[in-house]
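The numbers here are math on the coordinates, done by the rules we state, and not lab data. Being a predicted model, the structure only gives us computed values, none of them experimental. Neighbour counts are summed over all protein chains in view; Cβ atoms, including those assigned to glycine, are modelled from backbone coordinates with ideal geometry.
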Amino acid sequence: MPNFFQQRNRVVTKMNKARFLWVDDEIDLLRPYILFLEEKGYLMECANNGLDAIEKTRETLFDIIFLDEHMPGLSGLDTLSGLHEAAPGVPVVMVTKSEDEGIMNRAIGKKIADYLIKPVHPSQVLLTIKKILYKKTLVSEAVAVNYMQVFNQLNEEADSCHTAGDWAAFYQKLVYWELELEQADSPVKELHALQKAEANSAFARFIRNIYPQWMIREEGRPLMSPALFEEKVFPVIARGEKLFFILIDNFRLDQWQAVKSLFTDLFICDEELYFSILPTATPYARNSIFSGLMPRQVASLFPGLWIDDREEEGKNLQEELLLRAQLERKNLFPLLSYRKINSNSEAEELNKHFPELERNDLHVWVFNFIDTLSHTRTDSKMIRELTADEYAYRSLTKSWFLHSPLNTLLKKIAAKGYRVVLTTDHGSIRVKKGVKVLADKETNTNLRYKAGKNLGYEPRKLFEMLHPEDFGLPTPHMSTRYIFATQNDFFVYPNNYNHHLSYYAQSFQHGGISMEEMMIPLITLNPK
């Protein structure tokens, strides 16, 4: 782990080499300030008019320019324009006697870095310098120190998680610190990654022990995929309210936190987590959501709608029929609009016909962008580079949200005062370690879980379901069993092992057991 005090010393050394230009027609009166900064180790140059200042910036690279607003000849605001043209990337601090709001607004509109009002105290100047040049480093140090103070506490919390609620609260804290450290570009990010990996190991042990109990009885079970509509959707439409249920496939908690700021001006956000069933894969988790049933029940009650793992046919083509059947079982008959969106053009169609759609009571929209991105990443070198890690993955997700038609749709929904349930069917995890398995040709191809009758594996390296019927899963054969990868493992066949290991390592996969895959965001966007 880096030595933060050594890093701070390097920062101070860098500080002392910074070069500033101070522009003021009364520069002699500012000599005490200049001497003060020179004593701090900074290099200072002066100019007593705007034209000289602009010329100096063409000849010398400055770290900050302090600019007097009121000067004879070329005014401060006019000089500011010239400075931006001569040195576009150099921050300019406006210094003025005036508190006129109009001048302030014009200066801010010209993208000044800060604003100081005379008389200026030397400590104010020093604070401005630190804010502009060293804010990122100082914030990074502070975040690192704060994280180190709670590091042991987080380890203790992970050891004391005994319920689904404990794990949900703990995971939210882990994600909070992940984003804080990432934003501050803190050198302790790697330490946090190790802590998260250890927590995922403990979480896998928890699921091994508790998941069978969740399947046997509902008491003590957290909110899971089959109960999602009954708990979060049906009460709303039963009250006669319109509701938009938006499911974004493969949407994780950290991704929600990355895009949350886009919604806070539009809605009041009520955030929680719910648990995906196993496998954390679309055919199982999403069909369970829309049917209100476990996969084994779907296969039994709707044999024509359940597509076996071994078949090539799309496995989520009957979601609307499953949802309508669930509504009918609950004696609910709202005007339903169901749409699956696989492209921006399809989302634009929703925008185009939004006034017509408003007559419906329940809108269910499924967006597949993130899941498509996850799968495309494996095959595309360019997408791999764009989503090299979790930070890049979140960043691309936020960019999509910002520029997608979904953003426009949510603004229209907010303007009408409607409620939204925003969620997903499962998350994903960046896999790193290959675990060898043996399987026949009828076994499914997912890298995080396998379902088959002839599986060879080391039980201690995974979670096995020898009797899938006890876990609500279909069994095409009497000897069918399911196995699940945990932590950041993925299944690899021994033949051509090294090729598949290098090809799939660092890709985002789902279907197994991890905090990222199982504990997923459930956001109610309430009208303001």
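Computed quantities for the displayed model
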quantity	calculated
Anchor Lys111: lysines whose Cα lies under 22 Å away (excluding residues fewer than 8 positions away in-chain)	Lys56, Lys97, Lys130, Lys131, Lys135, Lys136
Those lysines that a straight Cα-Cα span of less than 17 Å connects to Lys242, excepting residues fewer than 8 apart in one chain	Lys232, Lys411, Lys412, Lys416, Lys528
DSSP-defined antiparallel bridges as percent of all bridges, the chain, nearest 5	35
Inter-label distance, nm, simple model (7 Å from Cα along the C-beta direction), Asp185/Leu29	3.9
P(r) tail fraction, the chain - alpha-carbon pairs more than 47 Å apart, %	28
The chain: calculated mean residue ellipticity at 222 nm from DSSP helix runs of at least 4, using -39500 (n - 2.57)	-14000 deg cm²/dmol
Degrees separating the helix 282-291 axis from the principal Cα axis of the chain, which is the longest one	80
Helix 76-86 vs. the chain, principal-axis angle (Cα, 0 to 90°, nearest 10)	60
FRET E, pair Leu126, Asn344, Förster distance 45 Å, beta-carbon r, rounded to 0.05	0.35
Added length on full extension, which subtracts the Cα-Cα distance from 0.36 nm per residue, Asp361 to Arg19	116.8 nm
Estimated FRET transfer efficiency when R0 is 56 angstrom, pair His477-Lys135 (beta carbons, to 0.05)	0.35
Helix 319-329 axis, angle to the chain major axis (alpha carbon atoms, nearest 10°)	70
Computed lengthening from Glu55 to Gln149, 0.36 nm per intervening residue step minus Cα-Cα distance	28.9 nm
In the stretch 188-240, the trypsin sites (Lys or Arg not before Pro) that fall in loop regions by DSSP, at most 10 other Cβ within 10 Å	Arg217, Arg239
The stretch 400-528 - charge dipole about Cα centre, Lys and Arg +1 at Cβ, Asp and Glu -1, debye rounded to 20	600
Cβ-based net charge around Val437, under 10 Å, with every Lys or Arg adding one and every Asp or Glu removing one	+2
Pair Glu45, Thr163: separation of 7 Å Cα→Cβ label points (nm)	6.6
Nitroxide proxy distance, nm - points 7 Å out along Cα→Cβ at Arg221 and Phe333	3.0
Test item: Cα-centred dipole of the stretch 139-216, Lys/Arg +1 and Asp/Glu -1 on Cβ, debye	360
